[in-house]
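Read through the structure below, which is laid out as structure tokens, and then see the notes.
Only the coordinates and a few stated rules stand behind these numbers; no lab work does. No experiment lies behind these values; they were computed from the predicted model shown. Methodologically, a virtual Cβ is constructed for each residue, glycine included, from the backbone with ideal geometry; neighbour enumeration extends over all protein chains shown.
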């Protein structure tokens, strides 16, 4: 299947038919045909250079904001879990963060450095790469508001320096050069803004109080429509606690769907569709899911 073989210069771990349920926060999903975990960025570049052009590639972060269908993902899934976790201060208001770095770790270090506004990164349940890919945000802050530049790697293993102007950025939406994945970002913070440890603490406490943390979910399923909140619309439609199979609309936060009882990806996807239809019929509002749905249906 792959040009990369045991004699390849690329190093790392290759697994066949790896269950994606092990790598997604919903704990559902069929197998990845081939699952590759590189040991370094150079390792990843070599692997991509040797990979047959016809083989599809899917880039995996920490598996939040992701629903993998029960039939799994054909081709190669690349997990950057061991690499790109660097974080350094370049000058007083600039930092360079690897795409594999957890956003909470970025927020805590920026707090130590006195760089703000950065507290909102603590509210993003994923990595810097995932936050870049969807312009993730929390508590009024958005990732691309801070981006000075990014580095990417393409399908041929080449590294590119990109400016924000090369991307179209919107609410939970980012479009840029095709077949490239984020390697790291240079982020700029403000001269006159000092982050608050109390604000970060209260933000994290509010998340714990209002969201079903500790249960398998993807975070917020739907984008907030203009001038409203998806959770309010879903709750007003009487859907808290509604379930299909093992998937359930959280009773704690209506914009969360939890895997409450050995759900399948099909259960989750059917529940997403049901919630959208119910809200449309009740409120006339068509919700847009921010979770990424990938892979093939079970045969």
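A few notes on this one:
- Look at where the Cα atoms of region 125-203 and of region 229-299 average out, and the two centres are 27 Å apart.
- The residue 197 and residue 252 beta-carbon pair, evaluated with R₀ = 30 Å, returns a calculated FRET efficiency of approximately 0.70.
- Antiparallel %, DSSP beta bridges [both residues in region 87-188], to 5: 100
- With a Förster radius of 22 Å applied to the beta-carbon distance between residue 52 and residue 17, the computed FRET efficiency rounds to 0.75.
- Within region 1-146, the proportion of C-alpha pairs whose separation exceeds 22 Å stands at 46%.
- Average Cα contact separation per residue, region 178-299, under 8 Å, 6 or more apart, as relative contact order %: 24
- Taking every DSSP beta bridge that has both ends in the chain, the antiparallel portion is near 80%.
- Shape call, region 87-188: gyration tensor on alpha carbons, a/c limit 1.5: prolate
- Across the chain, Cα pairs under 8 Å and at least six residues apart give a relative contact order of 18 percent.
- Overall, the anisotropy analysis places region 162-264 in the prolate class: the square-rooted eigenvalues a ≥ b ≥ c of its C-alpha gyration tensor yield a/c not less than 1.5, with a/b exceeding b/c.
- Per the Debye calculation on region 214-299 with a single equal scatterer at every Cα and no solvent contribution, log₁₀ I(q)/I(0) for q = 0.23 Å⁻¹ amounts to -1.13.
- Taking label points 7 Å from Cα along the Cα-to-Cβ direction, residue 206 and residue 39 give a separation of 4.5 nm.
- Footprinting exposure proxy for 66, 46, 94 (fewest neighbouring C-beta atoms within 10 Å first): 94, 46, 66
- Under the criterion of Cα pairs below 8 Å and six or more residues apart, the relative contact order for region 87-188 equals 29 percent.
- Candidates 254, 136, 273, ranked by Gaussian network fluctuation over the chain, Cα under 10 Å, top entry: 273
- Gaussian network model of the chain, springs between alpha carbon atoms under 10 Å - residue of 267, 70, 145 with greatest fluctuation: 145
- Note on the chain: Rg/Rh from C-alpha atoms, Kirkwood Rh, equals 0.97.
- Annotation: extensible slack from residue 297 through residue 155 equals 48.6 nm (criterion: 0.36 nm per residue apart, minus Cα-Cα distance).
- Max mean-square fluctuation residue, GNM over the chain, Cα-Cα springs under 10 Å, options 280, 271, 187: 280
- Segment residue 232-residue 88, extension gain: residue separation times 0.36 nm, minus the distance between their alpha carbons: 47.9 nm
- Overall Cα dimensions of region 12-79, principal axis frame, Å, largest first: 31, 23, 18
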